[in-house]
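Reviewing the structure listed below.
Read-outs throughout are calculated quantities, based only on the coordinates presented, and are distinct from any laboratory measurement. All figures in this text were calculated on a predicted structure; none of them were measured in a lab. Reconstructed Cβ throughout: ideal geometry from the backbone, glycine too, with neighbour counts over all protein chains shown.
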Amino acid sequence: MKERIRISEIFGPTIQGEGPLIGRPTVFVRTGGCDYRCHWCDTLYAVLPEFRNEWTLMTPAEILAQVERLAGSVPVLVSLSGGNPALQPLARLIALGRQRGYSFALETQGSVPQPWFAALEWLMLSPKPPSSGMATDWQALDDCVAAGASGPRCVVKVAVFDDDDYAYARLVANHYPALPVYLQVGNPAPLTTHAGPGSEEADIDDLMRRFRWLVDKVAADRWFTATVMPQLGRALGYDVWIAANDRGRVHDGEPLSAGCLDCLPESIEMGSGAESIRLIDVLWLNRETTRVIAAFEVEHTTSIYSGIVRMLDLALSSDMHAIDGLFLVAPDAREEEVRTQLRRPAFSRVADLQVRFLPYSELTRHRDAIARFGTGLKGVHAVSRIL
Ligand code: SF4
C-alpha cells in the first residue's frame, strides 16, 4: 500500500514568519493531527479531529507535485508544519524533494522523535511552555535532539507569554547549551483557527508591547545568547483583490489595483465559481494561507441582487467557515432595499452566512479608525450590522 500523509493545507510561496528562517520565501506543507492541545493554538483546524474531513491523504509524489506547481518548479524551502508533522511518515517526501533541489525545515514540539529528522536542513524544536497547558516530555525532547544531531541545523524556539514561560525558556536553554535559542512573543489572539470563535485578528499594538517586555527581560538578565523575535507573520496583514472589471479605474492618479493581487489563488481560479468571484468588488486574503478572509460588495446604484449572488458563489464554493466577513457596502438609504432582497426565498441560505450591511455614513465617520485596511476586521465589524 502506498504511504499516505495526512495534509491539512499546502500554500505559498510566502515568507516564513517565525524563528531563524524569518523572512525566507517558503512553501508551507501543513499536516493534520497533533498529540498536543495547547490553550493558544492558532491552527486548530490542523489539530482537532472534527476537522479531519477537511484533511486529505496524499502520497509524497502528490505533495511534491503541488509544491512544484506553487513554486513554479523553482526549488524553494519547504516548511513542514502542523499540527505535529512528526506524526506523519515524511521520510519519502523529504528524500524525493531533496533529489529535486528542495530543502526542508520542520517545526515540531519535540514529543515524537523520528529517524528521518536527520535528512532535514532545519529542525526547529518548539517545546511548549506552561501557558500552553502542556507538560514537556524531556526524554522525548532529548530523543528529538539526538535524532537530528547528525544532519540538520537544530534550534529551539519557545513562545513566551508570561514570567513562567520565560523561566521555562531559561530551563530549556540550560538543558541544551549547544543549541541556539529563539524566544518569540506569544500571541493571545489566534489568527488562523478559521473555525469562527477565536479567529481574531492580531492586536499589533499588544504584540509590540509584549515584544518590548521580552526584550527588556532578556537585556536585564544579560541573556546574550538568546535571539528575541517578533511574530512577523502576525503583522503581515492581508492581500487585497480588486474586481477584475475595476482594476483599470483610477483614484488619486493611481489605478485602483495598485499594490493589489494580480491574480487570485489557484484554489479559487480553478473552482467552479471563479468567474463570479473575480467580479466581487474587494477581497481580503490571508497572506499566509491565501484564504479569503472578507469580501466587500459596493452597491452605490448597482443591483444588490447581483452582489448577493456573487457573495453566495464565494461562500458556497469555498470553506464557509474560513470567511470571517461578507459585507454589502451601500448608501444608508438602501438598507431596506437590501433587507427586502435578502427576504426572498432564493436567498434563504444567506442567513447562515451572516452577511453584514456597511452603510456609507458609518464608513465615512469611522474611516480613520478602520484605515488599517488589511490588519484586521474588528473595526469593520464594529461599524456594520448583520442583515
Ligand atoms: S503543538 Fe502546535 S499544533 Fe499542536 S496544539 Fe500545540 S500549538 Fe497547536
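Scoring 179-186, 291-298, 20-27 by mean Cβ neighbours within 10 Å over their residues and listing the highest first yields 291-298, 179-186, 20-27.
A simple spin-label model places the labels of Glu275 and Arg339 3.5 nm from each other, with each point 7 Å out along Cα-to-Cβ.
In this structure the amide hydrogen of Val185, modeled in the peptide plane, comes within under 5 Å of the amide hydrogens of Val160, Met229, Gln231, none closer than 5 places in sequence on its chain.
With the convex hull constructed from alpha-carbon coordinates only, the range 5-235 shows a mean projected area of 11.8 nm² over all directions. Over all other residues within a Cβ to Cβ distance under 13 Å of Gly83, the charged ones net out to -1, with Lys and Arg as +1 and Asp and Glu as -1.
In what order do Tyr45, Tyr360 fall by count of nearby beta-carbon atoms within 10 Å, going from fewest to most?
On the way: Tyr45 25, Tyr360 15.
Going from least to most buried by this count: Tyr360, Tyr45.
Full extension of the chain segment joining Ile386 with Ser306 gains 26.9 nm, where the gain is 0.36 nm per residue of separation less the Cα-Cα distance.
Take each of the peptides 338-349, 139-150, 118-129, average the number of other beta-carbon atoms within 10 Å over its residues, and list them starting from the highest.
Numbers: 338-349: 13.0, 139-150: 17.1, 118-129: 22.3.
Ranked by mean Cβ neighbours within 10 Å, highest first: 118-129, 139-150, 338-349.
Between Ala65 and Ala167, 0.36 nm times their residue separation minus their Cα-Cα distance comes to what?
Numbers: separation 102, 0.36 × 102 = 36.72 nm, distance 4.34 nm.
Answer, rounded to one decimal: 32.4 nm.
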